[in-house]
Amino acid sequence: MASNPALDTKLTALGGDTRPLEEWLTTFHLASVVLDPYTNESSWVLKTAARILENLRGTDARVNFVVTADAEGAKAFLGPLTDDFLVYCDPDRLFVRALGLAQLPAFVFIRLDGTLQACAEGWDATEWRKVAEQIATATAWISPTIPVAGDPGPFHGTPALG
């Protein structure tokens with residue numbers, strides 16, 4: 001079961017800036033889509049996840065992808081999305097472990113104080129919508145429409161720890 005992560009958990013941004021989670025939360029909440037680039041399931045939701053994050057970009061949440069790969073793997077998987085979004089690399093799955101995630105892909109919302117406010121694992125439009133609504137409520141924003149035509153049907157994720 002997903003839970004509050006330790007604030008000293010290290011997150012490395014694409015480009016190499018490594019900081020504890022606490023420092024990534026000093027100004028903005030985190031709205032993270034966590035993906036495993038070595039599974040079909042994460043690729044199935046990539047376009048939808050990018051649309052959702054794009055719709056949440058103006059909130060007081062730092063929208064981002066967390067990819068369970070090194071920088072090279074993250075770039076290969078996300079392609080041009082690495083130019084559009086903040087990307088964290090989690091090749092050892094330390095962030096995934098800290099959250100207690102069981103399945104990927106996942107959509108998580110971590111508040112400034114480090115509490116896990118909402119989490120959806122696997123892909124279920126209703127569950128991802130609940131996370132987006134939590135983000136919208138916390139940041140006085142309009143929640144994106146989930147699902148839209150072209151989004152995948154529901155599916156279970158793959159084991160989060162590989």
- Message: Need the list of aspartates and glutamates near Lys130 for cross-linking: C-alpha distance under 19 angstrom, and skip anything on the same chain fewer than eight residues off.
- Response: Glu54, Asp60, Glu121, Asp151
- Message: Please compute the contact order of the chain in relative form: average sequence separation of alpha-carbon pairs under 8 Å and at least six residues apart, divided by the residue count, as a percent.
- Response: 29
- Item | For the stretch 19-45 versus the stretch 85-119, the gap between their alpha-carbon centres in whole angstrom | 5
- Task: Among [x] 10, 35, 30, 17, 7, 1, 0; [y] 11, 31, 25, 17, 10, 5, 1; [z] 11, 46, 38, 4, find the value of P(r) over Cα pairs in 10 Å bins from 0, in percent that was calculated from the structure presented, and write down its label.
- Result: [z]
- Query: Of Pro147, Pro80, Pro91, which has the largest mean-square fluctuation in a 10 Å C-alpha GNM of the chain?
  - Reply: Pro80
- Task: Can you find, among Gly16, Ala120, Thr39, the residue farthest towards the positive end of the dipole of the chain? Put +1 on the C-beta of Lys and Arg, -1 on that of Asp and Glu.
- Result: Ala120
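First select every other residue whose beta carbon is under 12 angstrom from the beta carbon of Ile135; then total the charges, Lys and Arg +1, Asp and Glu -1. The partial results should precede the final answer.
Values: positive: Arg57, Arg62, Arg111, Arg129, Lys130; negative: Asp60, Glu133.
Net of charged neighbours comes to +3.
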- Measuring from its Cα centre, the chain shows a charge dipole (+1 at each Lys and Arg Cβ, -1 at each Asp and Glu Cβ) which, in debye to the nearest 20, is 200
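Read-outs: derived from the displayed coordinates by stated rules, not from any lab. Note that the coordinates shown come from a computational prediction; the quantities given were computed from them, not determined experimentally. Positions of Cβ are generated from backbone atoms using ideal geometry, with glycine treated the same way; all protein chains shown enter the neighbour counts.
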